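Each remark here refers to the structure printed beneath this line.
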Amino acid sequence: MPHAPRKLAFVVASTDHGTMIVNRFDQHHDENHGSYGVGFQLLETGCYDASEVGLALQLLDLRRQHYGDARSRSTAAPMSAFTPSNGPKPAAA
């Protein structure tokens, strides 16, 4: 069966955020604003909105400083607290 020629949309790109699969058609061309889009930025500059990514990382760091590491202060009851001896009794048949 013959295949119609087509351009490949997804490419593997080495970015500042790590290796990513990027849609190279994820862009828009506007006469007033130029070209924009996530795929366009990643393929043209190697990163996506560095200032926004930096802000998000700062927010995560602040959250981590404020709340601490969630893994070290778990408030869940240990599984040993839930044993058949202290659980609800089954209804009589």
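Just so it is clear, none of the values below were taken in a lab; they were calculated from the coordinates. These numbers come from a predicted model, not from an experiment. Methodologically, a virtual Cβ is constructed for each residue, glycine included, from the backbone with ideal geometry; neighbour enumeration extends over all protein chains shown.
Data for the structure
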read-out: Karplus (6.51, -1.76, 1.60) ³J(HN,Hα), θ = phi - 60°, over region 19-36, in Hz, Gly and Pro reported as x; value: 6, 9, 8, 10, 7, 6, 8, 7, 7, 9, 9, 10, 4, 7, 10, x, 9, 7
read-out: Extension gain from GLU52 to GLN27, taking 0.36 nm per residue of separation minus the Cα-Cα distance; value: 7.1 nm
read-out: Exposure proxy ranking, count of Cβ atoms within 10 Å, fewest first, for HIS29, HIS3; value: HIS3, HIS29
read-out: Listed peptides 13-19, 62-68 by packing density, highest first (mean Cβ within 10 Å); value: 13-19, 62-68
read-out: Charge sum, other residues only, whose C-beta stays under 13 Å from PHE10's C-beta, Lys/Arg counted +1 and Asp/Glu -1; value: +2
read-out: Separation of alpha-carbon centers, region 47-66 and region 2-35, rounded to whole Å; value: 25
read-out: In Hz, Karplus ³J(HN,Hα) per residue of region 47-61 (6.51, -1.76, 1.60; θ = phi - 60°; x = Gly, Pro); value: 8, 10, 5, 3, 5, 5, 5, x, 5, 4, 5, 5, 4, 5, 5
read-out: Nonlocal amide H pairs with THR15, under 5 Å, H built at 1.01 Å; value: MET20
